[in-house]
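Q: Pasting in a structure now, in structure tokens, and then I'll have a few things to ask.
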Amino acid sequence: MTLMRDSIDNNLPVGIFDSGVGGLTVLNAIRAELPHENLVYLGDTARLPYGTKSPASIARYATQATAKLKDQGIKLLVVACNTASAVALEALRNQMSPLTVIGVVKPGASAAVAACPGGSHLVLATEATVGLGAYRDAISALDPAAIVKEEACEMLVALAEEGWTDGDIAASIIRRYLTEADDGDFRPDSIILGCTHFPLLKEAIRAEADPGVQIVDSASTTASVVSQSLQSAGIRRQSREAGTLRLLATDGATRFARVGGLFLGEPLSYSDVEIVDL
Ligand code: DGL
């Protein structure tokens, strides 16, 4: 800890990345919890979606995104993508060592177990996250009595990236996934939004789910883990000024600004987004 405190400039930003704009849901929670921290966000929009790619490709993309943020100079990395967290978290930890790397799967699993201990959980996630059983493993490790079912919902990523988060099209696609997950006797206590794009569809999912089901995501739990990690490493920013935000994307500044503004809840212009090559 002493080494961390002495050698890391606490004014360095926290780095955050996702395949696209979805990780901005996590960034929002981090900004709310840690308003004085400087943040740099990278959306790998040129290669979105990650969720349909092979683990080898996802690991390669995640490694390259991490290298780009490391080059910018960061003090901690948040992998704000369940898919990259599921596939490559350990590799990214080795890459960034001795800096801390925080993924979103474990915080999402903790939030669900805290909301419904011993309960049944339906995880909506990408194909890759479901294929690896990432939430099943993370929840079972925390709560062996829990029952977990996972449903790959890749179309929800496209809806979120398009900004179609309500209305008939979103409702009918969500209904189809929930129907596919319903084998007759599985009644979830919680629906886990196991992809950082899905919180934007939260109200549409709630409208299609059984009444009383808790809708859980990893954003605020991840922000708490980030806060605790900065605190315990002694690298929280000491300034009273609001932190800065840099937005990087690998393609499409105008599109990133349009859809990213929906996620951030504030208008963005293409000039707010720097295009970078990995
Ligand atoms: N937002 C990402 C996640 O949390 C991935 C979406 C995608 O690129 O498929 O899994």
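The values are calculated or read from the model by the stated rules, or taken from the named source; none is laboratory data. The structure presented is a predicted model; accordingly, all values stated were derived computationally and were not measured. Every residue, glycine as well, gets a Cβ built from its backbone with ideal geometry; the counts of neighbours run over all protein chains shown. For the accessible areas, the whole protein counts, side chains as well, though only heavy atoms, and no ligand, DNA or RNA atoms are used. Shrake-Rupley method; radii C 1.70, N 1.55, O 1.52, S 1.80 Å.
Q: Could you check the spin-label model distance between Q64 and Q95? Points 7 Å from the Cα along Cα→Cβ, value in nm.
A: 1.1
Q: Using alpha carbons only, how many angstrom separate the centre of segment 123-167 from the centre of segment 15-42?
A: Taking the Cα centre of each part, segment 123-167 and segment 15-42 sit 20 Å apart.
Q: Return one number: the angle in degrees, 0 to 90 and rounded to the nearest 10, between the long axis of the Cα atoms of helix 24-33 and the longest principal axis of the Cα atoms of the chain.
A: For 24-33 against the chain, the angle is about 60 degrees.
Q: Also: Against the longest principal axis of the chain, how steep is helix 105-115, in degrees 0 to 90 to the nearest 10, with axes from Cα atoms?
A: For 105-115 against the chain, the angle is about 50 degrees.
Q: How much solvent-accessible surface does D272 expose, in Å² to the nearest 10, with a 1.4 Å probe and all protein chains in place?
A: 70
Q: Right, here's the next one. Taking 0.36 nm per residue of separation and subtracting the Cα-Cα distance, what length does fully extending N11 through D183 add?
A: Answer, rounded to one decimal: 56.8 nm.
Q: For segment 222-278, what is the charge dipole size about the Cα centre, in debye to the nearest 20, if Lys and Arg each add +1 at the Cβ and Asp and Glu each add -1 at the Cβ?
A: Value, rounded to 20: 260 debye.
Q: Moving on. Report, to the nearest whole %, how much of the accessible area of the chain belongs to carbon and sulfur atoms, 1.4 Å probe, protein only.
A: Carbon and sulfur: 50 percent of the exposed surface of the chain.
Q: Give K149/K202; K70/K106; K75/K202; K75/K149 a once-over and call out the pairs whose C-alpha atoms are over 28 Å from each other.
A: Where the Cα-Cα span goes over 28 Å, the pairs concerned are K75/K202; K75/K149.
Q: Find out how many positive minus negative residues lie around L245, taking Lys and Arg as positive, Asp and Glu as negative, among other residues whose Cβ is under 12 Å from that of L245.
A: -2
Q: Tally Lys/Arg at +1 and Asp/Glu at -1 over every other residue whose Cβ is under 13 Å from the Cβ of Q95; what's the total?
A: Charge balance in the 13 Å sphere: +2.
Q: Amide H of V148: which non-local residues (sequence gap of 5 or more, or other chain) have their own amide H closer than 5 Å, using H built in the peptide plane?
A: H121
Q: So if I place +1 on the C-beta of Lys and Arg and -1 on the C-beta of Asp and Glu, and nothing else carries charge, what would the dipole magnitude of the chain be about its Cα centre? I want it in debye, nearest 20.
A: For the chain, the charge dipole is close to 840 debye.
Q: In the Gaussian network model of the chain, springs joining C-alpha atoms below 10 Å, which of A32, A204, A219 carries the largest mean-square fluctuation?
A: Checking each option, the largest mean-square fluctuation is seen for A32.
Q: Note the angle between two axes, namely the Cα long axis of helix 167-181 and the longest principal axis of the Cα atoms of the chain, as a number of degrees from 0 to 90, rounded to the nearest 10.
A: Here the helix axis deviates by roughly 70 degrees.
Q: A further question on this structure: Please compute the net charge surrounding Q64, taking Lys and Arg as +1 and Asp and Glu as -1 over other residues with Cβ under 12 Å from its Cβ.
A: +1
Q: Per residue, how much accessible surface does the chain expose to a 1.4 Å probe? Answer in Å², no decimals.
A: The answer is 42 Å² per residue.
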